[in-house]
Amino acid sequence: MTTLNTIPTNENMKDEMLHITLADGMVRGLLLTATGVVAKAAAIHCTSPLSTAALGRSLMGTAMMGAMLKGEESSVTVTIDGGGPIGKIVCVADAESVRGCVDVPNLIMPLRPDGKLSVGMAVGKDGRMSVVKDLGMARPYVGQTQLISGEIAEDFANYYMQSEQTPTLQSLGVLVNGENVLSAGGVLLQVMPGCTDDIIDQLELRSPLMYDISRELCYESMEDLMARWFDGLKPVILERKPLSYRCTCTRERMEKALIALGREELSRMIADETDGAELTCHFCKRSHKFSQGDLIKLLNKAVEK
């Protein structure tokens, strides 16, 4: 009998995104390994195994969405709010990095009958997935879809279908043992216009192979899995890019956030907080302190809201 304690850790697995095609370009895809990314997020937010799985899946789904954006300065923000006890999950990604946070990082719930973590029940499905894509244009693209399961991967796939009319197969998995993240990975496949019914049928038949991707990654590399899963479908790796958990918060960004509060709110803070103010980033937990003198200087830059 194989238990979590006997599952090996793939020490050579890098956090990276593989851009691939299948069937002479009739299918495009992304393969992702993100064990380090999820482990870093878990360490920053001190998450329980359940919250690690929910946040980890969301980070990977958002990273995949970010990898498909055009433009070096583009980014995407995904908010998952299903009304469940875990609260909101917010993730932000660009082409090579991702960051995120969860309202209730220490959530504990009973396992599902099959022994897996109750991510769907924790997230809930009485809510929406909101996607904001900043493509460097005057206005960002905003899309929303109803959650269908709270299991994250199905909800991302539903978003692509409903909001972008792109049939998508997606699997996201995080394998944890206590505080340790043993592996994390994902796969996304999208059929292109002109894809034949035979190829679509092949993907549907093989989809169960990808269901437990995090466990599979403990034993095989992503390249080996790709060769096995897509044997006969001419898999080709077009590009590979590293992925990291990276926060872009700076003191300057915090200053802009304070200025954006307006003169009235800043004046209240100066009057109430005699020792100044301390702002903590939701994504990296880094704190930035502002003395009363700092706040007064920012007040002079602020405008009435």
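Condition first: within 12 Å of ALA157 (Cα to Cα) and either of a type in the set (A, V, I, L, M, F, W, C) or not in a strand (DSSP E or B) (or both). Now tell me which residues in the stretch 169-187 satisfy that.
The answer is LEU169, LEU172, VAL187.
Are any residues in the stretch 38-84 buried (at least 24 other Cβ atoms within 10 Å of the Cβ) and either of a type in the set (S, T, N, Q) or farther than 21 Å from GLU154 by Cα (or both), and if so, which ones?
ALA41, ALA42, THR47, SER51, THR52, SER58, THR62
Please enumerate the residues belonging to the stretch 89-100 that are surrounded by fewer than 23 Cβ atoms within 10 Å (Cβ to Cβ), touching a Leu at 6+ places or on another chain (Cβ under 9 Å) and among the hydrophobic types (A, V, I, L, M, F, W, C).
ALA95
Condition check: more than 26 Å from ARG228 (Cα to Cα), surrounded by 15 or more Cβ atoms within 10 Å (Cβ to Cβ), among the aliphatic types (A, V, I, L, M) and within 15 Å of the chain's Cα centre (by Cα). Does VAL131 satisfy that? Before you say what the answer is, go through the steps one by one.
On the way: more than 26 Å from ARG228 (Cα to Cα): yes; surrounded by 15 or more Cβ atoms within 10 Å (Cβ to Cβ): yes; among the aliphatic types (A, V, I, L, M): yes; within 15 Å of the chain's Cα centre (by Cα): yes.
Yes.
Here's a check for you: in the stretch 1-32, which residue that is of a type in the set (S, T, N, Q) and farther than 15 Å from ASN177 by Cβ is modelled with the highest pLDDT?
Residue satisfying both the conditions and the ranking: THR21.
Restricting the first residue to the stretch 24-40 and requiring it to be in the same structural domain as VAL174 (by TED's automatic domain parsing), which pairs with a second residue that is among the polar types (S, T, N, Q) meet a Cβ separation below 6 Å and a spacing of at least six or different chains?
Close Cβ pairs (under 6 Å, with a partner that is among the polar types (S, T, N, Q)) amount to ARG28/THR21; ARG28/GLN190; THR35/SER183.
The values are calculated or read from the model by the stated rules, or taken from the named source; none is laboratory data. What you are looking at is a predicted structure, and each value in this text was computed from that prediction instead of being measured. Backbone-built Cβ (ideal geometry, glycine too); neighbour counts: all protein chains shown.
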